[in-house]
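See structure below.
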Amino acid sequence: MRVTRRVVVGLPMAAAGLGMIGLSMIGLSLAGWNAAAQTAETIKIGIVVPMTGVQGAVGREISDAAKLYMAQHGDTVAGKKIELIIRDDGTIPDNAKRLAQELVVNDKVNFLGAGLTPSAMAMAPIATEAKVPTVVMVSGTSIVTERSPYYVRTSFTLGQQSGIIADWAIKNGSKKAVAVLSDWAPGAEAGKVFTDHFTKGGGEVLDTLKVPLANPDFSPFLQRARDLQPDTLFVFVPAGQAGTFARQFAERGLDKSGIKLIGPGDIVDDDDLPSTGDALIGVITAGIYSAAHPSQINKDYAAAYQKASGHRANFISVGGYDGMNLIYEALKKTNGNTDPDAVIGAMKGMTWESPRGTISIDPRTRDIIQNVYIRKIQKVDGQPWAIEFETFPAVKDPLKEAAN
Ligand code: PHB
C-alpha cells in the first residue's frame, strides 16, 4: 500500500488511472491522503455535478448557488481559506466516482459535494474509505444518505413531498389517480410514497406509468393516462424536464381536461416556470422551495441569485446554497478543524434559516428536516409562480421513519 501511494503521489497522471483499480486495493491509501489534507491551511471543497449531459441544468444551478454563497460570505472561515472546485460528471455515475477519487487523491479536498442520485451512490465508497465529509446537494432518494456515514443531505427527498400531496389530494376529493413517473430511483420513491398514502386514504391508483429518464417523450404516457379517466394525475419529472413536460401536457389538452395535476415540487421547477405560459396555472404541488417564498431571507436570495445567474432561483439551487452554509457553519463550530468525524459531529443537529424556511440536519440520519409547502401555480406580474398556501413544518424523510 505504501509503495502504491508514493508512486501515485509522484505521478499525478497515474492517479487518473485509479478509476480502473478496485476500491479495496486503494482503500488504505485514500485514508492516508485525507490525513494530509486535514493539516493544510486551505480548505478545499470539491463538488461533482452534471454541468453537461441530459441533466446539465442541475450542475449550473448548484454551481451558481455555491459561488453566490461564497461571494456573499467570503472565502475565509475560522482563519482558513476556502477553495471551491467544481467537476462535471456529464450525468454519468462512473465519471462521478473517478472525479471524486481524483479530488481526494490529487486535490486533497476536505469536503465533497454530491449531485444526482446515481452519481451520489457511485461516490459513496470513496467518501467512506477516504473519510471525506460529503454534502448531498441534489439527490432526492432516501437511501443515498445511508450509503456512507460521511454523507449529509441538504437537498430533499421525494418521499417528503409525495406523501403530503397524496393526503392533500384525498382531502380535496381525489379518488382515482394515475401516476406518471420518470423511470429511475427518485421516481420509484415518489410513486411508492404517493401510492401508500393515496390508497391508505381510500383512493385508487389506476396505473403507474414509467417514462424513460433520458430524452423523455411524455405524450404517449399522457395519452394512456387520459384514457384511464382518472380524476387526478400524479407526476414526477426531475429538475430540467418541467418545461418539456408542461408543453406536452398542454399540447394534449390535459390542462383543460378537468383532470387535476399534482406532484412533488419538481414538476413546477422555478427554473422552467417562466417559459411555461399558462400550461401549469392552477397546478397544486407539495414542494420544499418556491422562489416566491415570502420571507425576507428568500427575497434577498432570489434577487441575488437572479442577478448573478440570470435565472430564477429554484429548489435545486437551495441545496447548493445551504450545502455551503452547512460546511461554513460546521467549520466555525470546529474552529477550522477538518477532522472528518469532528466535522460530521458538528453538522449533526445543526439548524438554520434557509431561503426555504427553517431547516435542520437530523442527528440520527444525517438527512434534512424541512418544511413542505402546498403551493398553487398562479400568475403574478405576468409570470407563473408557485404560491404557498399551507405549511407542513419540520418534515422528515418518511421512508427512514417507516424503517425505524
Ligand atoms: C435525484 O438525483 O435524486 C434527483 C434529481 C433531480 C430531481 C429529483 C431527484 O428533481
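Please give the contour-minus-distance gain from Ala308 to Glu390: 0.36 nm per residue of separation, less the Cα-Cα distance, rounded to one decimal in nm.
Result: 26.5 nm gained on full extension.
Using only Cα atoms, tell me the angle between helix 315-333 and the longest principal axis of the chain; keep it within 0 to 90° and round to the nearest 10.
Rounded to the nearest ten degrees, it is 40.
Between beta-carbons, use under 14 Å as the cut-off and find the net charge around Lys44, counting Lys and Arg +1, Asp and Glu -1.
-1
How many angstrom lie between the Cα centre of segment 94-145 and the Cα centre of segment 206-265?
If you average the Cα positions of each part, the centres end up 32 Å apart.
Specify whether the C-alpha gyration tensor of the chain places it in the rounded, prolate or oblate class, a ≥ b ≥ c being the square roots of the eigenvalues: rounded for a/c under 1.5, otherwise prolate if a/b is larger than b/c and oblate if not.
prolate
If you restrict to DSSP beta bridges whose two residues both lie in the chain, what percentage is antiparallel, to the nearest 5?
Of those bridges, close to 40 percent are antiparallel.
Give me Arg312, Arg356, Arg364 sorted ascending by neighbouring Cβ count inside 10 Å, so fewest comes first.
Arg364, Arg312, Arg356
Residue separation times 0.36 nm, minus the C-alpha to C-alpha distance between Trp352 and Arg364: what's the value?
Gain on stretching Trp352 to Arg364: 2.6 nm.
So which aspartates and glutamates pass the test for Lys210, namely a Cα distance under 13 Å, with those fewer than 8 places away in the same chain ruled out?
Output for Lys210: Asp183, Glu189.
For segment 288-404: lysine pairs with Cα atoms under 19 Å, gap of 8 or more or different chains, count?
Going through segment 288-404 pair by pair, I get 7.
By how many nm would the segment from Asp231 to Asp300 grow when fully extended, if each residue of separation counts as 0.36 nm and the alpha-carbon distance is taken off?
20.9 nm
222 nm [θ] for the chain, helices only, -39500 (n - 2.57) per DSSP H run of 4+, per residue, to 500?
After summing the helix terms and dividing by residue count, I get -13000 deg cm²/dmol.
Can you give the net charge of the other residues whose Cβ lies under 15 Å from the Cβ of Lys400, counting K and R as +1 and D and E as -1?
Taking every Cβ under 15 Å from that of Lys400, the sum is 0.
Would you grab the residues whose amide H sits under 5 Å from the one on Asp270? Only those 5+ places off in sequence or on another chain, please, with H modelled 1.01 Å from N.
Under 5 Å from the amide H of Asp270 lie the amide H atoms of Phe315, each far enough along the sequence or on another chain.
What is the spin-label model distance, in nm, from Ile85 to Asn335 if the labels are put 7 Å beyond Cα along the C-beta direction?
In this crude spin-label approximation the distance works out to 2.8 nm.
Laboratory data are not the source of any read-out in this text; all were calculated from the coordinates shown. As the structure is a prediction and not an experimental result, all values here were calculated from the model. Note: ideal-geometry Cβ built from the backbone for every residue, glycine included; neighbour counts use all protein chains shown.
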